[in-house]
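What follows draws every value from the coordinates through simple rules; no lab data is involved. Bear in mind that the values here come from a model prediction, so they are computed numbers and not experimental data. Every residue, glycine among them, receives a Cβ derived from its backbone with ideal geometry; neighbour counts consider all protein chains shown.
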Number of protein chains: 2
Amino acid sequence: MGKWSDGKKEMLKADISLVSDTSMIAADIPSITTGLRGLAYWQVEVTGPNRDLHSGLFGGTVANPINVLCSMIDKMVDEKGKITIPGFYDDVVEISRQERQLLAKAPFDEEAYKQAIDVEKLSGEAGYSPMERTGIRPSFDVCGIWGGYTGEGAKTVLPSKAWAKISTRLVPNQDHEKVAGMFADYFQQIAPKSVKVVVTPLHGGQGYVCPIDLPAYQAAEKAYTDVFGKRPVPVRSGGSIPIISTFEEILGIKSVLMGFGLESDAIHSPNENYPLEQFFNGIKTIPLFYKYFAEMAI
Amino acid sequence: MGKWSDGKKEMLKADISLVSDTSMIAADIPSITTGLRGLAYWQVEVTGPNRDLHSGLFGGTVANPINVLCSMIDKMVDEKGKITIPGFYDDVVEISRQERQLLAKAPFDEEAYKQAIDVEKLSGEAGYSPMERTGIRPSFDVCGIWGGYTGEGAKTVLPSKAWAKISTRLVPNQDHEKVAGMFADYFQQIAPKSVKVVVTPLHGGQGYVCPIDLPAYQAAEKAYTDVFGKRPVPVRSGGSIPIISTFEEILGIKSVLMGFGLESDAIHSPNENYPLEQFFNGIKTIPLFYKYFAEMAI
C-alpha cells in the first residue's frame, strides 16, 4: 500500500468509519455486526486434450477435464468439512469457549432457517454450530462452474476444457494473499499429469473484528436501543467487505457496521428487496449514533 | 419394440446392412470396425437452497450444489478407474487373453496419439491398454457441466442449482436401459440430504459385435485388400451407432461397418474435415464389397 502518501492519509483522517452494508437478525431483533470474514477468490481452468473429442472414440483413455476438475474440487474439503489446503488453518484464531457461549446467545431458529431456503438438512464443518460455521470459521464454495456441452439434449463430447470460480471465506488472522498462494500451489499439486491447470486470483480481502468495548460500538448500541427498544446483539457476519480492513490498515481507524438489512431481502439473488420500515428506522438510528459518539468524544 | 409389425419387417427385409459411419486406423492401415460400444446418457440436476444465496452469509452452513455435484461425480469412478455403480460390470463380457492378443496387433503409437491431442499422460482403467480402454471396456464421461456465476470477474454466490450431462459407454452385453436404472438409483443414493437430485435419461443404445467369420465381413475384407493393397485389421471402436443394434434386434440382420474416416478428421470438433483421397477410395471399395458378397451368397 505504498501508494498512500502521508498527504492522502491526512486528507482522509477520521475518528471512525460508519458503514451501512450489513444486516440485522430480524426486524424485531436488532443486531450490530462486529466481525466480517475475509475472502480469497480464484478462477481455475483445467485443460485436457487440445480440442473437444468424441467421447466414444476417446472416452476411457483420455482424461476428461470436467471429471478431473470435479475430483480436484472434491479433494479440497474432507469428510468432516475441513478445508484440506496444507497450512490453511495455521493462522485461524480459535475463539474461546466463553466467547462462543456469548455468540450462541444470538437467537437462531434452525427449522425456520431451513424452511426459508427450503433445505432438509444443513451441512458444514463438524464440531461447530450453523452460525459458528458462517461467523467464526472459514468456508469453501464453488461460485460457478462450466465446461463441455450445456445446450438442449445430448452431445457426446469429451471436452477440452473446464472452468470454475472458487472462493474461500477467511477469518481473523488469515491473510488473503498468503491463502491465495497456498491454494494455487495445492491446486497445481493435486492435478494429475493428464491435465494442465491455470489458477488466476480474482479477488481478496482481509477479515475484520470490531471490539464491543470500542466507544463507537457503545454509541451505536445506545442508538439502536433508543429506536428498536432493545439492546442490539453483537454478531459475527459471514460476509466480507474488503474495504473495512483496508481502512484499518491504511488509515488506522476502526469501522462500525450499522446495517439494517434483513434475511428476507434476498441479497445477490433475484427479487432483491428492502422494506421501507427498515429504511426509516435506519434514518432514525444513524443521527443518534453521531449524537452519542460526539458526546463520548468530548 | 412391439410397434414393428411383421409387414413392416418384411418391407425392410435384407441379408445385411452396410453402414459407412466409422474410421480406419490410418490412410495406409485399412481397418474394419467389428465392435461398437453402447451408450447411456443422462442429465442431472442438483438443487441446494431454493434461491441463489450470498456465499459469505451462508457459506459453510448451507450445502453448495456445485460442491455436492462435484463430489458425487468424483464418487462415480474409483482410484483404479472402475465405475462404482453397483452391478455395473455384472453383464460385461470379459474378453479372452487370446482375443486381447489379436486386438493388440492393431498398430498404436502412444507417443503420436498423445502428441496429436497434446496431453502429457493418458489415463483410465488399471489393467487395460489405451486401446482396450476405448474398445472393450466401458467408460464414464461428464460431457457438460454448469451452475452458478459464469461471467467475467468474481460474484460471491452460493448457487441454488448445478447441472451436468453424464454419459457411460457400454460394452457387450450391458443393457443400456438396465444401466440407466442402476445409475439413477445410485446417483440418488449417494446424494446427501442437504440437496435434492433429479436424474433425466437423455439417450441410450446397445453395443454391437460383428464376427469376423461372417461372410459379409469376409467380402468387405477382400474389397479393402483390393483397393488399399493390404488386408484390413479388425478393430473394436469406442463409439456408438445405436441403430446398428436396433437393426439386429428388429430385423435380425448383422451390419458391416465400412467407414473410411481418419483420426485427423476431428469429428464432433471444430474444423471437422474429410480428405478427398479417402472419399475416392471408399467409392472404389464399396462396389467391390457388393460384388464379392453377391458371389458368396450365390
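Expressed as a fraction of 2.2 N^0.38 Å, the value expected for a compact globular protein of N residues, the C-alpha radius of gyration of the stretch A:179-227 is 2.25. Helix A:65-75 axis versus longest C-alpha principal axis of chain A: approximately 50°, rounded to the nearest ten.
From the largest down, the stretch A:123-236 spans 64, 36, 28 angstrom on the principal axes of its Cα atoms.
The residues neighbouring B:V198, those whose beta-carbon lies less than 14 Å from its own, together hold a net charge of +1 under the Lys/Arg +1, Asp/Glu -1 convention. Note on the stretch B:32-175: Rg/Rh from Cα positions, Kirkwood definition for Rh, rounded to two decimals, is 1.08.
Taking the Cβ-Cβ separation of A:E99 and A:D175 as r and a Förster radius of 22 Å, what is the calculated FRET efficiency to the nearest 0.05? So the FRET efficiency works out to roughly 0.50. Simple point charges give the picture: +1 on the Cβ of Lys and Arg, -1 on the Cβ of Asp and Glu, and for the stretch A:199-298 a dipole about the Cα centre of about 220 debye. Ordering A:R97, A:R231, B:R137, A:R51 by the number of other Cβ atoms within 10 Å of each residue's own Cβ, fewest first, gives A:R97, A:R231, A:R51, B:R137.
Using the Cα coordinates of the stretch B:227-298, the gyration tensor eigenvalues translate into equivalent-ellipsoid semi-axes of 24, 20, 11 Å, sorted from longest to shortest. Counts of other chain beta carbons within 10 angstrom of each beta carbon in peptide B:43-53 average 4. Overall shape of the protein assembly as shown was characterised from the C-alpha gyration tensor. The equivalent ellipsoid obtained from it has semi-axes of 63, 24, 19 Å, in decreasing order. Under 19 Å of direct C-alpha separation, and excluding same-chain neighbours fewer than eight residues apart, A:K9 reaches these aspartates and glutamates: A:E248, A:E249.
So what is log10(I(q)/I(0)) for the stretch B:88-173 at q = 0.24 1/Å, when the Debye sum runs over its Cα atoms only? The Debye formula, applied to the Cα set alone, gives -1.25. Dipole magnitude for the stretch B:95-219: computed about the Cα centre from +1 point charges on Lys and Arg Cβ and -1 point charges on Asp and Glu Cβ, it is near 520 debye.
To the nearest ten degrees, helix B:276-297 and the longest principal axis of the Cα atoms of chain B are 60 degrees apart. Selection among A:P232, A:P138, A:G35 by position relative to the dipole of chain A gives A:P138 as farthest towards the positive end (Cβ unit charges, Cα centre). Note on A:T200/B:N271: beta-carbon distance plugged into 1/(1 + (r/R0)^6) with R0 of 25 Å gives a FRET efficiency of 0.35.
Charge tally around B:L158: other residues with Cβ under 9 Å, Lys/Arg +1 each, Asp/Glu -1 each, net -2. Applying a 4.7 Å Cβ-Cβ cutoff to chain A leaves A:C143, A:C210 as cysteine residues with no disulfide-compatible partner.
Radius of gyration (Cα atoms) of chain A, expressed as a multiple of 2.2 N^0.38 Å: 1.19. Subtracting the Cα-Cα distance of A:D118 and A:Q189 from their residue separation scaled by 0.36 nm leaves 21.8 nm. Here the peptides B:9-21, B:36-48, B:235-247 are ranked by packing, the mean other Cβ count within 10 Å, and the order with the highest first is B:36-48, B:235-247, B:9-21.
Sorting the segments A:111-119, B:165-173 by their residues' average number of neighbouring beta-carbon atoms within 10 angstrom, most packed first, yields B:165-173, A:111-119.
Per residue of A:168-180, other chain Cβ atoms within 10 Å of the residue Cβ number 1 on average.
Rounded to the nearest 20, the size of the Cβ-charge dipole of the protein assembly as shown about its Cα centre is 80 debye, with Lys and Arg at +1 and Asp and Glu at -1.
For the peptides A:86-93, A:63-70, the ranking by packing is A:63-70, A:86-93, with the highest mean count of neighbouring Cβ atoms within 10 Å listed first. Each listed q (0.16, 0.21, 0.23 Å⁻¹) maps to a log10 I(q)/I(0) for the stretch B:1-114, found by the Debye formula over equal Cα scatterers with no solvent: -1.09, -1.30, -1.35. When the Cα convex hull of the stretch B:173-255 is projected onto planes of every orientation, the mean area is 7.8 nm². When the stretch A:103-251 is described by a simple charge dipole with +1 on each Lys and Arg Cβ and -1 on each Asp and Glu Cβ, the residue from A:Y186, A:G148, A:S129 located farthest towards its positive end is A:G148. For the stretch A:1-127, with the dipole built from +1 on Lys and Arg beta-carbon atoms and -1 on Asp and Glu ones, taken about the Cα centre, which of A:S5, A:F58, A:A116 lies farthest toward the positive end? Farthest along the dipole direction, towards plus: A:S5. Between the stretch A:216-258 and the stretch A:96-129, the alpha-carbon centres lie 22 Å apart. Just to confirm a number: summing +1 for Lys and Arg and -1 for Asp and Glu over residues other than B:I244 whose beta-carbon lies under 12 angstrom from that of B:I244, what do you get? Combined, the nearby Lys, Arg, Asp and Glu give -1.
Compared with the dominant Cα axis of chain A, that is its longest principal axis, helix A:176-189 is turned about 10°. Across peptide B:70-80, the mean count of Cβ atoms from other chains lying within 10 Å of each residue's own Cβ comes to 5.
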